Every structure is written in structure tokens, then in C-alpha cells.
Amino acid sequence: MELISVIVPCYNEQESLPLFYREITAVTDGMKQKYYNDNIAELNFEFLFINDGSKDDTLKILRELAADDRRVRYVSFSRNFGKEAAMLAGLEQSRGDYCVILDADLQHPPKLIPQMYDYVRSGEYDCAATRRISRKGESKVLSFFARSFYKIINSISQTHIVDGAQDFRFMTRQMVNAILDMPERNRFSKGIFSWVGFDTKFIEVENTERAAGKTTWNFRKLFLYSLEGIFAFSTAPLWLSLIMGIIFCLLALAMVIKTLIFGEAMSGEPVIISLICLIGGIQLFCMGVTGQYISKMYTESKGRPVYIIKETEDTIRNKKRNIPKGLN
Ligand code: UDP
Ligand code: MG
């Protein structure tokens, strides 16, 4: 018997959740039947939803689903902690021999799960993930920045991050445990999935539109998230400040030598003002870069939890059990 944990981060997904539940149960029921009939495996599923501080009726829907279906489990945060925290909570709370993470908005089609399971069960791969090959439906500016981000991070970081790789991943317990062994609080999953190693099969997919509701990502958030990735998986920016420092020292030295030998100094206010601005700017830039690493160390050293759980499915199941007979 094998248990597969389906982990779903949810933030304001009241419209998508019923559609998602219908689709995921159709796929998993079909899978269970097929693998049982073919004598391949006896599969069981748990659906683990993470309510990441939604402000709509997501939690209410999850309570109802958990009350009707024993396979449904949920974890509800005390506030919004972000998708990274939700994915971590899902992996930590999961009990399966395999874990699959996917979005609630059906942008990660559940019908790919059987194919992913086949790749991993074959033993050839430890993980199957999707990689989108088109950026259809995305603005040109965003696509340009996304592509540039992958180019930059792959040229300066030793951890290779595959362009277009998504968080839709089917993993063995061994790989999940390796991910959970990484204690960092600034979590950048795209890097973590790659850093732990293991063999990953990438399934190429087209971009799928959201089933309902709207995305919470905007350009500013994506930009900050990509900087997060760069600072979490590379120390190249520190080298950049060092190299710029060296270049400017050499320039200054060259100017001194030129003045001493040829006796002519550069003069004029504009030259002096622009040099002061340039050097001042570069110093601030370098301080900012160093500051970023210090701020990461600061959050890590505080050791705060990545998320706080307010309620789980046990809360309602226990409540149900505690109701005295005759009162319900
Ligand atoms: N999500 C989350 N916490 C957040 C933002 C998003 O758990 O703070 C979930 C969201 O419910 C969805 C998934 O993460 O299941 C992806 O979010 P979204 O669809 O907004 O991102 P996009 O697909 O546009 O990248
Ligand atoms: Mg989405």
C-alpha cells in the first residue's frame, strides 16, 4: 500500500477550490482504480490543503470538505505567511510515501499526476516536475525580466535553476526529507529543489490560465522574490562590490601617478561633482548589498517559526466527536 500526499497551498481560493476538489478526486479515484486493477499498486491519497491566512471563505470550504471526506486534511495559518511557508508546512505535515505539490487554481493540471507517478515509481527519477515552455498570456516586459533572472542567477550561482521550472512537483519521501533537513527561514523553493539534487524529470507544458479568482503576484512581488533567490543562492553580489572597489582604487592610483608624472591635474567642478556622485553611489550600492546578507543573517538568527498554525482538521473532527449524544 502506498500513500500519496497531495499538498495544495491556498490563499483566497474560494472560487477555485470546489473545481479543484472535483478535478483532483476524479484523477486520483481513476488512478487508484487503474493501478489496483492492473495489480501495480494499492494507492491511497491524502489531500492536504494549507490555508495561508485567506480573507475569503477558503477556510469554511476546507472545513466542509474535511467533514465530508476523511482523506481531506487542512492546516490553517494564523495569518498570510506566503506560498513558500505554505509549501513547507505541507511537506512537514505530510505523511505520504510520495508528495505532490500543486496550485489550487488548476494552473497545474492534476491529470499529469499519473504520468509523474509513473516516472518516479520506475525508480529512474526521484522527482517529476513541470516546466513551462511558453510564456503565453504573460506580458512582454514580465517575460523579459523572467528570462533575464534565470540567465543572471545561473551565471552567478552554483545551483542551477531550470528556466520555467514550476513548483508542481511529485517527489519521493527521501527527497522530501532532504528538503525538510534544510533549516533556512528565507526559503526560495526553486533553488532548494535544485540544491538537494536527486534526479528530476521535467515534463514540458504550455502555460495554463487560472480556473477562477486572481493571482496575488505582481511585478514588484516577483522582482523582490527573484532578488530573494539571488541573495539566498549566491554570494556573487558581494564579489561584485569587492571588484568595483578594486577597480576604483586602481583608477585613483592611475590618476595620482598621472598627476605626479605629467604634473597636470583634472580640473573643473563638473568633473569633481560627477566623481563624488559616482563614488558615493557605488559605496551606497555596496553597503546595500552587504546589508542584504546581514539582514538575511538577522532573520535567520532570530529563529522565528516560518509559519504559525491556528487550526487543523483535527480541530473540527475532535469537536464533532466531543458533541454529547442526542445534541446533534
Ligand atoms: N498562494 C499562497 N499564499 C500566498 C499566495 C499564493 O498559498 O501568499 C497560493 C495560491 O492560492 C495558489 C498558489 O499559491 O494555489 C499560486 O498562487 P497564484 O496562482 O496567485 O500565483 P501564480 O500562479 O500567478 O504564479
Ligand atoms: Mg496561479
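The values are calculated or read from the model by the stated rules, or taken from the named source; none is laboratory data. Given the structure is predicted, the values throughout are model-derived calculations rather than measurements. When we count neighbours, we look across all protein chains shown, and the Cβ atoms used for this are built from the backbone with ideal geometry, even at glycine.
Counting only residues that are under 12 Å from residue 203 (Cα atoms), hydroxyl-bearing (Ser, Thr, Tyr) and either surrounded by fewer than 15 Cβ atoms within 10 Å (Cβ to Cβ) or within 16 Å of ligand 1 (Cβ to nearest atom) (or both), how many does segment 97-144 have?
The qualifying residues number 1.
With the condition kept exactly as written, say whether any residue in segment 252-263 is at pLDDT below 75, in contact with a helix residue (DSSP H, G or I) (Cβ under 9 Å, 6 or more places away or on another chain) and loosely packed, with under 10 Cβ neighbours inside 10 Å.
no
Looking at segment 68-89, which of the residues that are small (Gly, Ala, Ser) and away from ligand 2 (no atom under 16 Å from the Cβ) is surrounded by the fewest Cβ atoms within 10 Å (Cβ to Cβ)? Steps first, answer last, please.
So the first thing to find is which residues in segment 68-89 are small (Gly, Ala, Ser), and the list is 76, 78, 82, 85-86, 89.
Pick out the ones that are also away from ligand 2 (no atom under 16 Å from the Cβ) and you get 76, 78, 85, 89.
Working: 76: 22, 78: 11, 85: 21, 89: 24.
Here the answer is 78.
Condition first: more than 16 Å from ligand 1 (Cβ to nearest atom) and over 27 Å from residue 303 (Cβ atoms). Can you find one or more residues in segment 184-198 that meet it?
Yes; the residues of segment 184-198 include at least one that is more than 16 Å from ligand 1 (Cβ to nearest atom) and over 27 Å from residue 303 (Cβ atoms).
So which residues in segment 34-66 are at pLDDT 90 or above, within 20 Å of residue 113 (Cβ to Cβ) and assigned to a helix (DSSP H, G or I), if there are any at all?
So the first thing to find is which residues in segment 34-66 are at pLDDT 90 or above, and the list is 43-66.
Applying the additional criterion that residues be within 20 Å of residue 113 (Cβ to Cβ) yields 43-50, 65.
Scanning segment 34-66 gives a single hit, 65.
Contact list please: Cβ distance under 8 Å, first residue in segment 94-119 and closer than 16 Å to residue 21 by Cβ, second residue away from ligand 2 (no atom under 12 Å from the Cβ) and of a type in the set (Lys, Arg), pairs at least six apart or on different chains.
Qualifying pairs under 8 Å: 100/169.
Of (1) crowded, with 17+ Cβ neighbours inside 10 Å; (2) closer than 20 Å to residue 102 by Cβ, residue 208 satisfies all except one. Which?
Just one mismatch for residue 208, condition (1).
Among the residues of segment 216-234, is any at pLDDT below 80 and β-branched (Val, Ile, Thr)?
Yes: one or more hits.
Just one of 8, 27 is closer than 24 Å to residue 127 by Cβ, crowded, with 22+ Cβ neighbours inside 10 Å and not basic (Lys, Arg); which is it?
Numbers: 27 fails: crowded, with 22+ Cβ neighbours inside 10 Å.
None of the others qualify; the one that does is 8.
Do you know which residues across segment 32-50 are touching a strand residue (DSSP E or B) at 6+ places or on another chain (Cβ under 6 Å) and touching a residue at least 40 places away in the same chain (Cβ under 8 Å)?
Initial filter on segment 32-50 (touching a strand residue (DSSP E or B) at 6+ places or on another chain (Cβ under 6 Å)): 32, 35, 41, 43-50.
Hits for segment 32-50 are 41, 43, 44, 45, 46, 47, 48, 49, 50.
Looking at segment 224-247 only, could you name the residues that are aromatic (Phe, Trp, Tyr) and surrounded by 13 or more Cβ atoms within 10 Å (Cβ to Cβ)?
From segment 224-247, those aromatic (Phe, Trp, Tyr) are 225, 231, 233, 239; that's our starting set.
Hits for segment 224-247 are 225, 231, 233.
Any idea which residue in segment 217-251 is farthest from ligand 2 (Cβ to nearest atom), counting only those that are over 18 Å from residue 145 (Cα atoms) and polar (S, T, N, Q)?
Filtering segment 217-251 for residues that are over 18 Å from residue 145 (Cα atoms) and polar (S, T, N, Q), the one farthest from ligand 2 (Cβ to nearest atom) comes out as 241.
Confirm whether residue 190 is within 16 Å of ligand 2 (Cβ to nearest atom), in contact with a helix residue (DSSP H, G or I) (Cβ under 7 Å, 6 or more places away or on another chain) and part of a helix (DSSP H, G or I). Spell out the reasoning first.
Details: within 16 Å of ligand 2 (Cβ to nearest atom): yes; in contact with a helix residue (DSSP H, G or I) (Cβ under 7 Å, 6 or more places away or on another chain): yes; part of a helix (DSSP H, G or I): yes.
So residue 190 passes the test.
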